[in-house]
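The structure appears right after this line, and notes come after that.
Each value in this text was obtained by applying a stated rule to the coordinates, not by laboratory testing. What you see is a predicted model; the values in this text were computed from it and never measured. Glycine gets a Cβ as well: all are built from the backbone with ideal geometry, and neighbour counts include every protein chain shown.
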Amino acid sequence: MSKDLDLQAQSNELSELRRELEEANDTLNAIRTGMVDAFVVHGEEGHQLYTLKSTDHTFRILVEKMQEGAITLNKDGLILYCNPCFADLTKVSIDKIIGKPFDYFIKGYTQDRLASMTINGKLNDYKMEDILLALDGTQIPVLLSFTNLDLEDGTALSIICTDLTTQKAAQQKEADINAQKRVIKQKDEFMSIASHELKTPLTSLKAYLQLMSRDNNYDLPLTFKNFMGKAELALNRLHTLVDDLLDASKIQAGKLNFHRTIVDINKLIENCTENASHIFQNYEIGCSYTNNLQVLGNLERLEQVVMNLINNAVKYSPVNKKISVSAKSEGKFIRISVLDHGIGMNEDQQEKIFDRFYRVNNNNHTVGGLGMGLYISKEIVKEHNGIIQVQSNLNQGSTFHIILPAVNTTADELL
Ligand code: ADP
């Protein structure tokens, strides 16, 4: 009897377990087929079931905290839901947004248009840029990402609204910079063509003037000869300006190439001083140096730099007319200095004078120039692996220094 009872109990227990297993299978099937909003996660602690309540809550927090505006619309285009970010963008409180037509914030999304967009689920993850109108009249560029929901409760569309203000500003900035670069390039090209075109007639003009003034076969009146001298001076000045323009455009195009030989710096500064003393006869231009100063470089270009510094020293020293040019050795380097006692510069001006086209705005002392001499000098010195510097005090004078590697300086020892 007791044996029969035991068998009966075991059979009951088996049926109960079968029923529970069937139930579990049904639940799993329902989840798998999407009939129930839940999902199973296989974790370390076995299988865990997440129900609609927990997932919904997570998604809701996600949408509420999102850095993008999120709204849902019904079929008539009325806003059913909006997250705080959308309210921030529009500067309207959430309770005032709910129930408003979408067209109120983004023009053109009339009921008809929205209806035509959603017909037959035609709209699938559609994106477009548009302008969002905030309450204070601000127009915010946005990216709208539409998703067709078509839910039973009447919700038709969800829209994610991304603020593109920063992106657009960056794009605009980039476009402005590119436009500026194009203008600068055009200007550089113009400068290059213009200076080339000017140079040829100028050279012939200069040659003819020189021939005329040297020809003693004609008995020209003195005033005539004076005029020719003046014309020659003006032409020389024009020639220098055109050469500067040409050099500046070569530098811009990265074509300031020159061949190098051993240059004797003592001879170079002696020549420049002599030349300058001849041109600027009412200035006292001294020259001093120590022995054996040689660099590997281009004689004409280095002369151009030193002459430019002497020229400036003259131009910007209207009262004290003493100028000193010197050169000395400093270990592996050679320092050439041009000192004047002229108008000088403040620190702010000293920082900018080597920039292209920079000229100090000095109302008390106006002299002609294009603001290119020091820029060209800096580039030439740079090509020689050297540096150019200025020390100056306002109303007391300036000293320009060129520091160049001596001829035997190795690549490792360069500035
Ligand atoms: P430019 O002399 O044609 O204006 P530079 O490039 O040679 O062009 O010089 C740039 C500016 O630096 C000058 O306009 C001037 O204001 C300043 N400057 C250059 N040399 C001196 C100097 N020796 N004393 C004072 N100011 C100077």
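I'd like the FRET efficiency for N236 and K382, computed as 1/(1 + (r/R0)^6) with the beta carbon distance as r and R0 of 41 Å, rounded to 0.05. Here the calculated transfer efficiency is 0.90.
Using the Kyte-Doolittle scale, which helices in the chain average at least 0.0 and also have C-alpha atoms spread 27 Å or more along the helix axis, with helices defined as whole DSSP H runs? Passing helices, by number: 222-252. For the pair D112 and T223, the difference between a 0.36 nm per residue extended length and the Cα-Cα distance amounts to 30.9 nm. Among the chymotrypsin sites (Phe, Trp or Tyr not before Pro) in the stretch 152-245, those located in a DSSP loop and surrounded by at most 14 other Cβ atoms within 10 Å of their own Cβ are Y218. Computed over the alpha-carbon atoms, the chain gives an Rg to Rh ratio of 1.38, Rh here being the Kirkwood radius from the mean inverse distance. Each peptide in 268-275, 160-167 gets a packing score, the mean of other Cβ atoms within 10 Å over its residues, and the list from highest to lowest is 268-275, 160-167. Please give the Cα centre distance for the stretch 391-415 versus the stretch 169-187, rounded to the nearest Å. Here the two parts' Cα centres lie 36 Å apart.
When the inverse distances between all different Cα atoms of the stretch 261-414 are averaged and flipped, the Kirkwood radius reads 15.7 angstrom. Give me the distance between the Cα centres of the stretch 328-384 and the stretch 87-104, rounded to whole Å. Spelled out, the Cα-based centre of one part sits 62 Å from the other.
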